[in-house]
Amino acid sequence: MSRPTTRSKNKRHRQGTDSDSASEILRKIHSTGEVTDDDVKQLYMILKPVCQSCRVNTKDNPNCFCGLIPPHNGSRKSGLWQKISDILQALGPDPCKDLRASAFSPAGLTNLGATCYANSILQCLYMNKSFREGVFSVEPDVLKQHPVLEQLARLFAQLRASKMAFIDSAPFIKTLELDNGVQQDSHEFLTLLLSLLERCFSHSKVSKARTIVQDLFRGSVSHVTTCSKCGKDSEASAKTEDFYELELNVKGLKTIDESLDDYLSVEELHGDNQYFCESCRARVDATRSIKLRSLPEVLNFQLKRCVFLPKTTMKKKITSAFSFPGELNMQQRLSEPSQFDLIYDLSAVLIHKGTAVNSGHYIALIKDENTGHWWEFDDEHVSNLGHCPFGEGSSSSCSKGGCSEPVVCPSNTEGMDGMNVNHAVLQPQSSESCNGCNVERFTSNDAYMLMYNLRCSKKDAEKKHVACDVHNMQIENDTVFFHDGVSLPSHLCEEIKELNSSYVDACELYKLKRDRELDIITKRRQEVRSVLSEAPVRSIEEPFYWISADWLRQWADNISPPVLDNAPLQCLHGKVPVSKVGTMKRLSTEAWIKLFSKYDGGPTLTNDDYCLKCLIDGARTMVCADSYRDRRKSMKELADDVLSGKFGEGTYYVSRPWLQQWTKRKNLDAPCEADAGPTTSIRCPHWQLMPEQAPGAKRLLVPESLWLFIYEDAKKVKPNDLLGCSAFPLDSKQCNECSEELSEVACMEDSIRALKLKQRQNHEKLALGRSIPLSLHGKYYLVPSSWLTKWRNYISTSGKNASSSVGPEILDGVIDSVKCEKHLRLLERPPDLVSKRGLIVQKGPMTDGLTIVTENDWKCFCEDWGGIQEKGISAKVEFSNNAGNTLVGSCKEVPICQDTFSPHDEENNEIESRHPVVRTNPEICEDCIGERESCELMQKLNYCDEDIYVCLVRGKEAPRSILEASESISEPDRRTSKRSRKTNYGSLINLKVSASTSIYQLKMMIWESLGIVKENQILHKGQRIIEPEYATLADMNIFPGDKLWVQDSEIHEHRDIADELSDQRMNVQHAEEGFRGTLLTSNLSSQVV
């Protein structure tokens, strides 16, 4: 069975056949001057069939309406046929999506960047009913005096009564002056926040609020030291210390029971750690342990998952599994076991996701005290987990199996007097209530903090439940009570009502806008589909209307279409020319009436509005274009022969470059702008023929037929340009004035070349850049090296460009520039000298600072370059007395020596033993030089985003080329490659750094680029090792363009750079910033003054 042929179904037809037939029709019209109906139908493509399934809207078929709208289930990126979701997105965010699911579901908190640690703690505090009631019971005047309390009460009120699914925590975070872009430790945040709130609550006169932090979270411990000899406790053992959380070790421990045993374990003190017993009056063995004296109602356990690794000097998170029960019996954990039950129920689990210490994400799993349901608080997102903190049926994080030992609650009916629990109101449970119950246990690899609430008696729970029913939305004494018994101050309730009202109004307004927009979209789409279904003209005899295809596309695509516009279709005669057939469509009468009646505009163009005049003109233009194309083709062939030298004789001059470009252009139907000016470049300013020796005046002779064709085209393109197409016949003479000028230029260049040759001969060594031998009794002069470089470049330029090279500046001004205006002393230090085999020469290259020249050189320079001989900087060579102690760049390099020289036969020995220096007149201005060097050093130390280069050396020693490049002074203006490339000794990379970049940060860049662990990097500049890590590049004298080299010690094992980057530690000796600079660590009161 053969496959059906469908490949060519949607193919566009080639236009070759159509254009050929149209050309034939136009030629016939041009020859006969008559236009028939069949000609009109053919030229206007009226006979083409109506398209049904082409992919795009074709321009060569006025009966094609395909592609104006997408398929039935399709869409477009913009306009009327966008996806509905994209159209609604343009209306702005939908506030209805932020609506709280129900009045009983908790609300989330917005993450302002890295504030998940604060959001999790705030949710734990809010979900504690007792703490929430304490916050709401604070007097309004106290709230106004303490911004932290006021913002916390407002935040809790919004979490309680707002209709929004999440609340903006920015006001509270801003009040605490926290940096919302920095991740912090949730345990430290809770500790500091409770301390701050405790101070704020103390100003309240309401007893329940004044001590709410102490009542709920404070317990006490003692650090007991017992003498093993006499058995007595130390005096300090009787002292108790308050705690708000217990910090438990996790490393190597699997359950909370093991961690508590470790926390309360007994430590043996012996050997060097012996204890001095006051009773025994001697150092003796002893034991030390922590004793729990009292427990709070809310017992917080901080799991110490962060440990310090000495090997890597970094902190690491312990991610081992840790098990904890749903209920915890602390009765036997007290130093004096209580006769009453101390059963704690798990109320919250703080989770830290991630493997790094100083990054990751915090979420909170919290139990609702009223319903017993667990909720996951992940910033803005709140999820119901059911009756398990890790979700119903979650086996990966939750272990629901019963413990091997059931928790048995002993029976006790005695009173609560003497109960050793801070402000805990408990009733003893009978053994029947929990005897034989299996304790639910949970396991987590990321649990960071556990909160347990002291279990209340059934009687207390019933009282609270009755209170909820009695105070259901009642207002009493400026307080509003809700159905769950939680009361809000009336001023907060009014504020929440206003917020809810504005939020509901915003939701209603958005719904109204959305419904209106969707109604408009639906009606417009129905209209477009209806009109396009009626648009095709079914019969040739049926009357029709022409409509602009561009307007039709806009109408079909836009939600609000423009006025109907057919004006672009009209010619100068107000009709429809055949040239516009690709930009218009044939529209049926029914479709036209619908569009014209609704969108107005026009003009109306019917099937009889074709333009006969344009048809006849177009036919004539096409025939002329064919003739011009053939003629131009033959002329181009003739021009190619002229350029190749095959055509021997010519009668007119044209520009050779112009003719070369003319032959490369496409064969056009008519002249273009580039055809103008065939003789412009060979015409001189005097309107005569330019000498061929002049730049750009190359020319050649062309035959008369080619010249006439070129001339006609040039006049058609620019008829008013009389000079651009000047004719130069074969007998045209070159311009005499221009020839003389060229001769003068040639003579001037000859004289300049002779002058340069003379200067090269007079200053042979300076011209070659060689050093001049110096003597102790000679007189010399100092010239700026930069001026000498320009002079050397100038005299070295010869040939045709001799006159175009720029000479150096006037020497007198250059000499003045190296003297300070204030003291008229020298602003540059003279060059260093070195003695080699009895000769004294200038040290270093002659490109920087000043260069020593002979007296004769100076006189010649003054004569040739405008210098004043008396204003020169004279120099003499002398010996220093402290040659071995002179410092590079110091003023001691140029002392004024008073010694008399030894006779000539001892001169060589003196040169070898003492250091030669230069004495100048005028003297060096150390004040101005020091000030300038200080400014230059400051600028050099303040660089930013510049390149340095680091090479990886794979061996014990670096090659000599690397050491020299590393020790050499970089050239900032030198162009260098920015690519990382391989060398014979390793890899070379360039890094973008600043002066404030630390060595630690540089090593992190090298780690990322070369894969060498930071601890394994031995970084060098020359022979010097670069350390310590907290130093900056400016401290270590590393500047832009410097070349460093690094070795891999391979001592430490490879690890992922992501762990290092997440910790963001500059050095282990530097303390973490933490909450420094915020209100949490401020000693000042949060009270408004």
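The values are calculated or read from the model by the stated rules, or taken from the named source; none is laboratory data. Only a predicted model underlies this, so the values are computations on that prediction, with no experimental measurement involved. As a convention, Cβ positions derive from the backbone with ideal geometry for all residues, glycine included, and neighbour counts pool all protein chains shown. Surface areas here come from the heavy atoms of the whole protein model, side chains and all, with no ligands, DNA or RNA. Shrake-Rupley method; radii C 1.70, N 1.55, O 1.52, S 1.80 Å.
Summary of values
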item	result
Residue in the range 818-837 that is in a helix (DSSP H, G or I) and either over 28 Å from Val917 (Cβ atoms) or not aromatic (Phe, Trp, Tyr) (or both) present	no
Selection status of Thr240, over 26 Å from Ser195 (Cα atoms) and among the polar types (S, T, N, Q)	no
Close pairs (8 angstrom Cβ cut-off, 6 or more residues apart or separate chains): assigned to a helix (DSSP H, G or I) and buried (at least 18 other Cβ atoms within 10 Å of the Cβ) in the range 481-504, of a type outside the set (S, T, N, Q) and at pLDDT below 80 anywhere	Cys493/Val480; Ile496/Leu488
Any hit, the range 189-202, residues being over 28 Å from Lys353 (Cα atoms) and in contact with a Lys or Arg (Cβ under 7 Å, 6 or more places away or on another chain)	yes
Residue, farthest from Glu1050 (Cα to Cα), within the range 955-1000, restricted to residues that are among the polar types (S, T, N, Q), at pLDDT 85 or above and surrounded by 17 or more Cβ atoms within 10 Å (Cβ to Cβ)	Thr997
Residues (open to solvent by 20 Å² or more (accessible area, probe 1.4 Å) and over 32 Å from the mean Cα position of the chain (by Cα)) located in the range 342-371	Asp345, Lys367, Asp368, Glu369, Asn370, Thr371
Check on Asn384, modelled with pLDDT under 95, open to solvent by 10 Å² or more (accessible area, probe 1.4 Å) and not in a loop (DSSP other than H, G, I, E, B)	yes
Test: Leu112 is part of a loop (DSSP other than H, G, I, E, B), of a type in the set (A, V, I, L, M) and open to solvent by less than 30 Å² (accessible area, probe 1.4 Å)	no
Residues of the range 718-755 that turn out to be closer than 30 Å to Ser796 by Cα, of a type in the set (Asp, Glu) and out of contact with any helix residue (DSSP H, G or I) (no Cβ under 8 Å at 6 or more places or on another chain), as a count	4
Any hit, the range 513-523, residues being of a type in the set (Ser, Thr, Tyr), open to solvent by 20 Å² or more (accessible area, probe 1.4 Å), part of a helix (DSSP H, G or I) and modelled with pLDDT of 90 or more	yes
Those residues of the range 759-796 which are out of contact with any Asp or Glu (no Cβ under 7 Å at 6 or more places or on another chain), basic (Lys, Arg) and at pLDDT 85 or above, in sequence order	Lys790, Arg792
Search result, residues across the range 274-295 that are within 22 Å of Ser130 (Cβ to Cβ) and in contact with a Leu (Cβ under 6 Å, 6 or more places away or on another chain)	Leu292
Residue within the range 193-205 that is part of a loop (DSSP other than H, G, I, E, B) and surrounded by 20 or more Cβ atoms within 10 Å (Cβ to Cβ) present	yes
